[in-house]
Amino acid sequence: MILQALQALFTPISLFAVFIGTTSGVIVGGMPGLTATMAVALLIPVTFALEPLTGLLLMGGVYCGAMYGGSIPAILLRTPGTPAAVATALEGYPMTQKGHGGLALKVSVIASFTGGMFSALVLLLVAPVLAIFALTFGPPEYFLLAILGLAGIVSMADDENRLVKAIISGLIGLIMAVVGTDPMSGMLRYTAGLTDLFDGIAFMPALIGMFSISQMLELTGTKSIITDTSTITKIKREPLPKGIHKPIVLGSLVGTIIGILPGEGATIAAFMSYNIARRRSKHPELFGKGNPEGIAAAEAGNNGCVGGSLVPTLTLGIPGNSVAAALLGGLLVHGLIPGPELFTKYGVMTYAFIMSLFIANIVFLLLGLFMAPYFARISLTPTALLIPVVCLFSVLGSYAMNNSILDIFIALLCGLAAILLQKTGFSLGALILGLILGPIAETGFAQALIMGHGSYAIFFNRPQAVALWAIILLLLVPPIYQIYKQRKTP
Amino acid sequence: MTKRFAELFILTGYLILAVLLYRSTASYPDSVQGSTALYVRFLGTALAFFCSLELFLWFKNRGQEESEKMTIATVPMRFWGLFFLLLLYSISLSYLGFYLASALFLPLAMLLLGAKKPLSICLTSAGVLLFIYLVFAKLLEVPLPEGSLF
């Protein structure tokens, strides 16, 4: 069956579909406001006219390409093309400011490639087994997964004062996520009667505001993004930083595991990989100042999510995230029902699709390596021309998600608030983590308490929950001990 | 405004938010008092606790640290100019529509930020709008803001 799948894949039309899909994905991912979900959903009607396999290859290529493409504006302009690229922006943009944007892009594409290849391999080899494992996770485990993600806040702080401010920032993020419809009763909360807030504060406008608009406002006092322009053209000669393989491996593993869990998206995967890499790094103090290890972990994490999210999608029909949900729609319109039959009756097509992900990863690797020096030159554009254009795309990106003018005002407000919070030592990373994980934490907490008839024992009496508590403690103890030690040192 | 005063201002605001958040859960339906209302109460309590702790640290270290002046913008004219231009642009989108509002915003913002060459201002503005028209509007059919006046 694998041989037949390879034969089906290595036809000119199939390879062309993968190439076009991946290239379009990189472009879509690179533009704020255009998401992989939107691109895959838009492709579904197009695939009606195509062979089912060609349509699937196109959609798979878009998914892989978009996940990488989001990192390009995140690194060069601190404007994440996709929410999953926020963690990349934290390290990538400072590198660009130092004139190492090209190297950051190189690290990003190599990490994305490795994460993508690893997760595709996992998908190919052990998809059905992993899907059954993912199904054993219930609300208590999802709540603990959110706590696991929030534990990263502690590692974002380097002293006692910063720790308290980081926790406050995380709590503000969690509170922002409460706005909208109550997940249990359907009651509207804190919406001020605005229909645009019924689904909550949209994530993308808040992100665009905090990272992109705030940065553009900050740049109004400078003539160029980078101070040292001499290094920008040296990308081809710049070797990869030493020790970069460790965060890449770590990110690939974390991304794939997170991707397998339904509902956990690439953004969470990227942040978790980033935080674990920061915790394990020999130079955690360099994080936030342009550490390529952070880019490597985050990018391997979000691309690792691609294959991971397809595990429950293909085997159980449960999409791992919103892009996988759109892809699932694409499968269903072609009469491909997820489940065991997909790997037996339609095995040739399914395996050809899975193997096409490897090719898609190779396509964006070549594209990224070849184009990185040209992309990097964007940072040389004078700010007088660049800022208005980026602001326009930020406004468009904020609007396009829900066609809401209110979202643009949210982005502007978040932009101004981000500057004030940053200047006073509050952590934007922690705030974003709270905003991302808030809905998962609230729903998991509420559902678990209902399941356990109000007893908190439900968070401790299942083996998966105990394992998650152990990981949370492992992540929390070292940074807290370090802060305590710093406090004792005169 | 000094940095320390700004911190105090923000923390006080957060404390008020925490109290309001806690009190708001009383209006939640009875069915969720033990689930989502409990979660929101926990958030309110935690925020109040950590803000109080930070305020305690703030007062404790007040004498030790020298308070520095907080500079929000290095060039205030451009910073606030761009912000208000963005605000005006966002408001005008509902009236003028995307293309007209953007055609005004782009050159004005470029001039404000110090661009001097009329040719590069015109070419960049026109190029960006043409790109958005072709890729966003025509190819991907992304809905753009429409004006009520034009």
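The values are calculated or read from the model by the stated rules, or taken from the named source; none is laboratory data. The shown structure was predicted, so the numbers you read here are calculated from the model rather than taken from an experiment. Every residue, glycine among them, receives a Cβ derived from its backbone with ideal geometry; neighbour counts consider all protein chains shown.
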So B:Glu68 fits all but one of (1) in contact with a Lys or Arg (Cβ under 7 Å, 6 or more places away or on another chain); (2) surrounded by 12 or more Cβ atoms within 10 Å (Cβ to Cβ); (3) more than 7 Å from chain A (Cβ to nearest Cβ); what number is the exception?
(2)
Sort out which residues of the stretch B:117-134 are surrounded by fewer than 17 Cβ atoms within 10 Å (Cβ to Cβ) and at the interface with another protein chain (Cβ under 8 Å from one of its Cβ atoms), and write them in order of number.
B:Ser120
Six or more apart or on different chains, Cβ atoms under 7 Å: show the pairs whose first residue is in the stretch A:331-352 and of a type in the set (Gly, Ala, Ser) and whose second is surrounded by fewer than 17 Cβ atoms within 10 Å (Cβ to Cβ) and not in a helix (DSSP H, G or I).
A:Gly339/A:Gly317; A:Gly347/A:Met1
The helices (runs of 4 or more DSSP H) lying wholly within the stretch A:44-122 that contain at least 1 residues that are β-branched (Val, Ile, Thr) and closer than 16 Å to A:Thr267 by Cα are A:71-77, A:86-97
Go through (1) within 9 Å of another protein chain (Cβ to nearest Cβ); (2) surrounded by fewer than 17 Cβ atoms within 10 Å (Cβ to Cβ); (3) modelled with pLDDT of 90 or more and name the single condition B:Ser31 misses.
(3)
Which number in (1) within 7 Å of chain A (Cβ to nearest Cβ); (2) surrounded by 15 or more Cβ atoms within 10 Å (Cβ to Cβ); (3) over 24 Å from A:Leu416 (Cα atoms); (4) not charged (D, E, K, R) marks the one condition that B:Tyr14 misses?
(3)
Scan of the stretch B:82-106 for residues that are without any contact (Cβ under 8 Å) to a residue 40 or more places away in the chain and at the interface with chain A (Cβ under 8 Å from one of its Cβ atoms), ordered by number
B:Leu82, B:Phe83, B:Leu86, B:Leu87, B:Tyr89, B:Ser90, B:Ser102, B:Phe105, B:Leu106
Taking B:Arg41 as the residue in question, decide whether it is assigned to a helix (DSSP H, G or I), basic (Lys, Arg) and either in contact with a strand residue (DSSP E or B) (Cβ under 6 Å, 6 or more places away or on another chain) or at the interface with chain A (Cβ under 8 Å from one of its Cβ atoms) (or both).
no
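Residue-wise test of (1) surrounded by 21 or more Cβ atoms within 10 Å (Cβ to Cβ); (2) in contact with a Phe, Trp or Tyr (Cβ under 8 Å, 6 or more places away or on another chain); (3) more than 13 Å from chain B (Cβ to nearest Cβ); (4) not in a helix (DSSP H, G or I).
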site: A:Tyr142; (1), (2), (3), (4): yes, no, yes, no
site: A:Val154; (1), (2), (3), (4): yes, no, no, no
site: A:Ser169; (1), (2), (3), (4): yes, yes, no, no
site: A:Ile175; (1), (2), (3), (4): yes, no, no, no
site: A:Gly186; (1), (2), (3), (4): no, no, no, yes
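Restricting attention to the stretch A:426-451, and to residues there that are small (Gly, Ala, Ser) and in contact with a Phe, Trp or Tyr (Cβ under 9 Å, 6 or more places away or on another chain), which single residue is nearest to B:Leu43 (Cα to Cα)?
So, considering only residues that are small (Gly, Ala, Ser) and in contact with a Phe, Trp or Tyr (Cβ under 9 Å, 6 or more places away or on another chain), the one nearest to B:Leu43 (Cα to Cα) is A:Ala441.
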Given the conditions (1) small (Gly, Ala, Ser); (2) more than 23 Å from the chain's Cα centre (by Cα); (3) closer than 21 Å to A:Ser212 by Cβ; (4) more than 8 Å from every other protein chain (Cβ to nearest Cβ), which single one is not true for B:Gly147?
(3)
Among the residues of the stretch A:408-427 satisfying the criterion of being buried (at least 22 other Cβ atoms within 10 Å of the Cβ) and facing chain B (nearest Cβ under 9 Å), which is farthest from B:Glu7 (Cα to Cα)?
A:Ile408
